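A quick write-up on the structure given underneath.
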Amino acid sequence: MRNRAASDGRPLGVPWSRARAIPAARSTHQETFLNTTGQTTGPDTSVSGPDTSASGPGPSASDPGAFASGPSTDTLGVSAARARSATLEKLILENPGRFRVLTGDRPTGRLHLGHYFGTLRNRVRLQNLGVEMFVIIADYQVLTDRDVADNLTEHVEELVLDYLAVGVDPARGTIFTHSAVPALNQLMLPFLSLVSVAELNRNPTVKDEIAHSRQSAVSGLMFTYPVHQAADILFCKANLVPVGQDQLPHLELTRTVARRFNDRYGSGTAVFPQPDALLSSAPLLLGTDGTKMSKSRGNAVTLAADADETARLIKGAKTDPERHITYDPATRPEVSSLLLLAALCQDRPPQEVAADIGSAGAAALKKIVTEAVNECLAPIRARRAEYARDRAYLRQVLREGNERARGVADATLAEVRTAMNSRY
Ligand code: ATP
Ligand code: MG
């Protein structure tokens with residue numbers, strides 16, 4: 001759902017005072033449910049606003065949210081989400097067991113540096129802190145912007161490989177695919193009834209993706225996929241979703257769906273939590289062409305790439321004619337994204353990287369970035385190669401994850417059917 005409310009500075013977690021397109025049957029319950037998290041234990045939602053004293057998540061980035069690519073950051077509500085993320089970080093450290101994470105990716109290609117610094121590193125960090133983790137491989141959503149899901153099995157297995165390589169532990173978390181969990185998909189039907197076509201139409205990320213899509217006509221699946229994503233998140237009652245900034249409007253829709261479902265069918269109790277987005281310090285890493293790094297835009301440095309390919313790709317990255325290198329995301333997005341990349345790899349501020357380069361120009365910048373990326377990814381790439389030798393293990397991870405996810409989804413669907421009075 002388009003995060004309109006965010007443009008007025010409303011932080012995530014604070015009531016949306018705008019008139020709702022579909023009035024809920026028991027709207028007086030709205031405020032009560034805003035601070036509930038359903039059956040799963042959730043964050044301390046009494047902290048519903050942002051901690052405005054916080055400068056944002058992550059140690060190194062100054063203002064990565066200000067990169068200009070795709071919908072404006074104001075439209076997406078990035079600054080409010082960053083402030084909320086800082087508050088959440090404190091709550092997670094206090095009590096990680098109160099959170100359940102749902103996160104995931106489309107199997108449209110290999111994962112890239114945008115994934116790694118945008119969400120993957122956060123996933124592993126949360127897992128290691130003791131947060132329960134569900135990782136969805138969104139295979140149905142491959143078809144949102146293309147006619148055929150090419151090489152699906154290969155892409156799915158490669159995603160599992162990427163997860164294992166960065167440190168996702170299948171013994172502690174659940175890695176699963178959309179298509180193997182029918183009850184999850186069934187949740188989409190009641191959820192679709194809770195949103196209006198006008199709301200779907202306003203979603204800035206869907207608009208951006210339609211603009212980059214390979215299809216001449218917009219499919220129903222593309223149009224409604226944020227609702228599908230609400231089902232992905234709510235089937236396991238996740239209350240925390242580590243995402244890149246493009247996902248913020250979808251998270252807002254998920255919160256709306258949860259709230260409306262609870263209002264309409266909850267009979268005074270919250271069936272679903274209202275999950276929070278957790279932004280990393282790199283919520284929008286740019287690709288070699290200066291737009292959002294994406295699997296399907298041919299502008300990505302993948303985790304699986306070797307050192308030479310990485311060097312070649314970074315050498316071809318877009319920069320600007322200014323020889324003196326400075327970190328200024330608003331006016332120099334491409335140069336700043338490269339600086340941020342080196343900074344994230346080396347765990348130091350991007351301004352410091354810029355100062356080291358000074359007037360040495362874009363070639364020097366790219367050399368530093370290439371070395372930093374290759375050094376940072378070397379152990380991940382080594383682990384990836386190791387895991388790649390055992391395809392049977394990858395399939396076993398999926399089989400076990402699918403089984404666990406089915407159990408959770410069946411239980412939630414049973415609860416939904418009871419709430420909706422449709423158990424016969
Ligand atoms: P596709 O081009 O197929 O849509 P993608 O590269 O956009 O692929 P997704 O699978 O759509 O990747 O995104 C998975 C997760 O990774 C989401 O949380 C998304 O916000 C995050 N993500 C993707 N690209 C970036 C990026 N460039 N910077 C930060 N986060 C990103
Ligand atoms: Mg995407």
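Laboratory data are not the source of any read-out in this text; all were calculated from the coordinates shown. Source: prediction; values computed, not measured. A quick note on method: Cβ atoms are made from the backbone with ideal geometry, for glycine too, and the neighbour counts reach across all protein chains shown.
Take the Cβ atoms of S296 and Q351, set R0 to 41 Å, and the FRET efficiency comes out at 0.80. Straight-line cross-link partners of K318 among the lysines, defined as a Cα under 20 Å from its Cα and at least 8 positions apart when in the same chain: K292, K295, K366, K367. Computed from the C-beta positions of N128 and S216, the FRET efficiency with R₀ = 35 Å rounds to 0.20. Full extension of the chain between T153 and H324 gives 56.9 nm of extra length, using 0.36 nm per residue less the Cα-Cα distance. Projecting the Cα atoms of A362, A342, T326 onto the charge dipole of the stretch 305-388 (Cβ charges, centred on the Cα centre) puts A362 farthest toward the positive pole. Each principal axis of the Cα cloud of the stretch 81-192 was evaluated for its coordinate range; sorted largest first, these ranges are 45, 36, 29 Å.
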